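Nothing in this text is a laboratory measurement; each read-out follows from the coordinates by a stated rule. What you are looking at is a predicted structure, and each value in this text was computed from that prediction instead of being measured. Reconstructed Cβ throughout: ideal geometry from the backbone, glycine too, with neighbour counts over all protein chains shown.
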Amino acid sequence: MQPLIQVEYLVKRYSSRGVLGSGEVVSALNEVSFSVAPGKTLALVGASGSGKSTLALCLACLERSTSGRIWFEGRDIAALDEKQLRAVRPQIQLVFQDPASSLNPRFTALEIVTEPLLVQRKWGTREMHERALALLERIGLSRGMASRRTGEFSGGQRQRLAIARALSLAPKLLILDEALSSLDCSVQAQIANLLLELQSSFVLTYLFITHDLAMAAHLGDEIAVMNRGRIVEQGVPEKVLGAPSHEATRGLVAATPGSIVTPRMPGGL
Ligand SMILES: Nc1ncnc2c1ncn2[C@@H]1O[C@H](COP(=O)(O)OP(=O)(O)OP(=O)(O)O)[C@@H](O)[C@H]1O
Ligand SMILES: [Mg+2]
């Protein structure tokens, strides 16, 4: 099957000013290559500072990569100009860790989900509201909650809202950067199940970034391990976590207590 997204030799360098004004270059991504098939989940793990969020920002076209290619549905989106990117951005959405800071607390749930639709100017008010209300219901918030302000929701409900907002423009790729990390375990499990349901109803492709190896094994069809800006290992969870070949993966596994591999379906993936 043709991948939905295929990344080839992606490089991202940041230049930052040192204390004495000398230019320092940080290689956040170093020839990163991988692909994800439509409807599948790639879980991305790796130590802090290994480049996961930088990769998320480059794929979502919120940061420009330094070199390399990002093939999305057969087009190299790394080579597009700002105007061309406007058509691509709605198709690749990003959900961050902290919904409290990514959602304006004065907005109502309905406004949060309607805002991206307003920007597109494709729908009338009534149709937009209907779409937004249907989506809110789909992610587990009742129509009665639509007029509540986001500041009045719990952390888990806010993260559901952030997911609904990200889905409002019917993206094909959803990047979740530590999106469950600030929630407690039972809420994480509920939202992980919601993500699985949404994936099968809307044929969504996920890049799921996490520090939680058990969650990576639960949600990922494959797991990729990043280390110092490179993907050093990639494969099915049983293989990557059960018989890691790279030292960085062994380090992550050793730092996680208990048994990790919990395949989604009996008999593997
Ligand atoms: N805007 C920036 N300017 C300069 N350096 C940056 C910038 N953003 C990230 N970096 C550097 O790039 C490297 C990768 O950072 P990144 O945030 O992608 O890591 P990460 O894997 O997401 O870490 P974490 O697990 O802590 O979220 C780090 O060395 C970081 O300091
Ligand atoms: Mg990060």
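Counting only DSSP beta bridges with both residues in the chain, tell me the antiparallel percent, nearest 5. Let's see the in-between values first.
Numbers: 23 of 41 bridges.
The answer is about 55 percent antiparallel.
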Notebook entry, point to check: How big is the antiparallel share of DSSP beta bridges in the range 89-229, given as a percent to the nearest 5?
Noted result: 10
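Helix-only mean residue ellipticity at 222 nm, the chain, DSSP H runs n ≥ 4 weighted -39,500 (n - 2.57), per residue, nearest 500. What is it?
Result for the chain: -10500 deg cm²/dmol, rounded to the nearest 500.
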Checklist line | Farthest toward positive dipole pole in the chain [+1 Lys/Arg, -1 Asp/Glu at C-beta], among Leu204, Ser245, Gly46 | finding: Leu204
Next item on the list: Count charges around Pro116 for me, please; just the other residues with Cβ under 12 Å from its Cβ, Lys/Arg as +1, Asp/Glu as -1.
Entry: +3
Notebook entry, point to check: Using the 10 angstrom Cβ neighbour count as an exposure proxy, how do Val232, Val26 rank, fewest first?
Noted result: Val26, Val232
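What percent do you get for the relative contact order of the chain when only Cα pairs under 8 Å and 6+ apart count?
Working: 503 pairs, mean separation 65.1, N = 269.
Normalised by residue count, the contact order of the chain is 24 percent.
Can you tell me, using C-alpha contacts under 8 Å and at least 6 residues apart, the relative contact order of the range 124-261 as a whole percent? Mind showing how you got there, number by number?
Details: 129 pairs, mean separation 21.6, N = 138.
Reported as a whole number, the value is 16 percent.
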Margin query: Using the Cα centre of the chain as the reference point, and only Cβ charges (+1 on K/R, -1 on D/E), how large is the resulting charge dipole? Debye, rounded to the nearest 20.
Written below: 640
Check: Taking the alpha-carbon centroid of each part, what is the distance from the range 32-93 to the range 213-241 in angstrom?
Finding: 18
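Can you order the peptides 8-17, 244-253, 200-209 by their average number of other Cβ atoms within 10 Å per residue, highest first? Please list the in-between numbers first.
Numbers: 8-17: 14.4, 244-253: 16.8, 200-209: 19.0.
My ranking of the peptides, most packed first, is 200-209, 244-253, 8-17.
For the residues Lys83, Lys40, what sequence is obtained by ranking on other C-beta atoms within 10 Å, fewest first? If you can, show how the numbers build up before the last one.
Working: Lys83 7, Lys40 18.
Lowest count first: Lys83, Lys40.
Give me the orientation-averaged projected area of the Cα convex hull of the chain, in nm², one decimal. Spell out each step's value before the answer.
Working: hull surface 64.6 nm².
For the Cα atoms of the chain, the hull's average projected area reads 16.1 nm².
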Next item on the list: Find which of Ala79, Val25, Val113 sits farthest along the positive direction of the dipole of the chain, computed with +1 on the beta-carbon of Lys and Arg, -1 on that of Asp and Glu, about the Cα centre.
Entry: Val113
